[in-house]
Amino acid sequence: MALTDNLTGERATFVTHLECSLTGERYEADRLQGLSQAGRPLLVRYDLEALGKALSRDALGARPTDLWRWRELLPVRRTDSIVSLGEIETPLIPIPNSGGPNVLVKDEGRLPTGSFKARGLVMAVAMAKELGVTKIAMPTNGNAGAALAAYATRAEIETVVLCPDDTPEINVREIAAQGARVYRVNGLIDECGAIVGKGAAEGLWFDFSTLKEPYRIEGKKTMGLELAAQLGWRLPKAIFYPTGGGTGLIGMWKAFDELEQLGWIGSERPKMFAVQASGCAPIVRAFDAGEEHAERWENAHTVAAGIRVPKAVGDFLILRAVRESGGRAIAVEEAELVRATAESAVQDGMLLCPEGGATLAAWRNAVAQGWVEADDEVVLFNCATGLKYPLPDQSAALDKHDLPDLASL
Ligand SMILES: *Cc1c(COP(=O)(O)O)cnc(C)c1O
């Protein structure tokens, strides 16, 4: 059965309107929208009361577990707008040796194109198709570009992808292989974003930068919905999220709120930990300073490319969610995240991406600081497969003509 068989034809959505995340100003849904007048992200709002009458938690529980089980809480109106590549529910994997007895990794690397960017982009591309977009441009550190290329190509939408010139080679190549025109730019992701913005202002394409269109966040929201369902309609004590643009953290926070309004979960929330690398930690700096917005981080560097984001338009939304939850923003040293990545692989057989490794390092620090208990149930987000990143060569050569004592291998 195809994942989207659940969805047929045109249907009423429960979307009521879009809302500026800063001012609360209302915008019409079903029209192409970018940022609000105030230059901030737009959030999709639903008639949750009507939704609650149309769908029960039990009915939802009986559906196949893929992303489309949440369709009433998603914005897509026409089924044929959806180009699915198999957006499965991702598993929660314990890592008792490198982590703790109740540390679970939500392994998003199992999704199409090997990262959770698929959740956001399957949604954003469906909406772009629905609203008649024919050309899209996007700045990316790699994974978002790959997901965009895959879904947009399949939806017959043209794509231009700009990435920093030191983006991992595999990402640049996979983006091109899936049909996008990809350019390396001698700058960071926000500088790529400025070029995308310039072309969008000239009417050349639609701007798909993180949070600059309203629907990626709805796709990423499904991480929070899914987590609640997987844990039997409760949430963990804490969530450690590798934070770049923050879409997933903001999306999960929104998901929890919607689930509570539906009466499907209670008012308890996990402590949200926004994890960054010490070489690029604008959110951590703003958190520590008690600021509501985050200044650009100069000379950003880290091997964890997905969280190398010097400036995020949703900064205030990330900071608000973290503070409301009683969590924190945490920076981890490069050596700590590299060590955590290696230990999870060798001790638990779980190959994290470096951004995922950063969440394990942050969890260790949080335990040491007393921000969480060592045996608290926590969820770490591993947002891409570790296989997309360069791995250290730890092999040795063997000469088939001059074998050593095989017992020594
Ligand atoms: C994009 C990305 C992140 C950051 O996600 P945001 O929701 O934009 O903060 C983290 N890890 C990986 C592997 C990514 O590709």
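The values are calculated or read from the model by the stated rules, or taken from the named source; none is laboratory data. Just so it is clear, the structure is predicted and the values come from calculations on it, not from any experiment. Ideal geometry is used to build each Cβ from the backbone, glycine not excepted, and the neighbour counts take in all protein chains shown. These area figures cover heavy atoms from the full protein model, side chains too; ligands, DNA and RNA do not enter into them. Shrake-Rupley method; radii C 1.70, N 1.55, O 1.52, S 1.80 Å.
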> If you count, for each residue, the other Cβ atoms within 10 Å and average over each peptide, how do 134-144, 362-372 line up from highest to lowest?
Replying inline: 134-144, 362-372
>> Out of the total accessible area of the chain (probe 1.4 Å, heavy atoms of protein only), what percent is carbon and sulfur?
In response: 49
> Tell me, what is the per residue accessible area of the chain in Å², probe radius 1.4 Å?
Replying inline: 40
> Given the C-alpha centroids of region 127-187 and region 195-270, what is the distance between them in whole angstrom?
Replying inline: 21
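Please identify every one of the trypsin sites (Lys or Arg not before Pro) in region 212-253 that sits in a loop by DSSP and has no more than 16 other beta carbons within 10 Å of its own beta carbon.
Those that pass, being in a loop and sparsely packed, are Arg234, Lys237.
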>> Given Cβ point charges of +1 (Lys, Arg) and -1 (Asp, Glu) and nothing else, what value in debye, to the nearest 20, does the dipole of region 2-81 about its Cα centre take?
In response: 80
> How much length, in nm to one decimal, is gained on full extension between Asn102 and Glu156, taken as 0.36 nm per residue of separation minus their Cα-Cα distance?
Replying inline: 15.0 nm
> Once you put a point 7 Å from the Cα of Ala289 and another 7 Å from the Cα of Leu131, both along the Cβ direction, what distance in nm separates them?
Replying inline: 3.3
> Hey, got the Cα dimensions of the chain along the principal axes, in Å, largest first?
Replying inline: 71, 50, 46
> Which net charge results when you count Lys and Arg as +1 and Asp and Glu as -1 among the other residues whose beta-carbon is under 11 Å from that of Thr65?
Replying inline: -2
> Hey, how many Å between the Cα centroid of region 20-38 and the Cα centroid of region 330-403?
Replying inline: 39
>> Testing the spin-label approximation: label points 7 Å from Cα along Cα→Cβ at Arg57 and Leu398. State their distance in nm.
In response: 5.4
> What's the center-to-center distance, using Cα atoms, between region 81-98 and region 54-80 in Å?
Replying inline: 17
> Based on Cβ point charges of +1 for Lys and Arg and -1 for Asp and Glu, what charge dipole magnitude is obtained for region 89-241 about its Cα centre, in debye rounded to the nearest 20?
Replying inline: 380
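Determine the sum of side-chain charges near Ala200: Lys and Arg each +1, Asp and Glu each -1, restricted to other residues whose C-beta is under 9 angstrom from that of Ala200.
Once all neighbours under 9 Å are counted, the net charge is 0.
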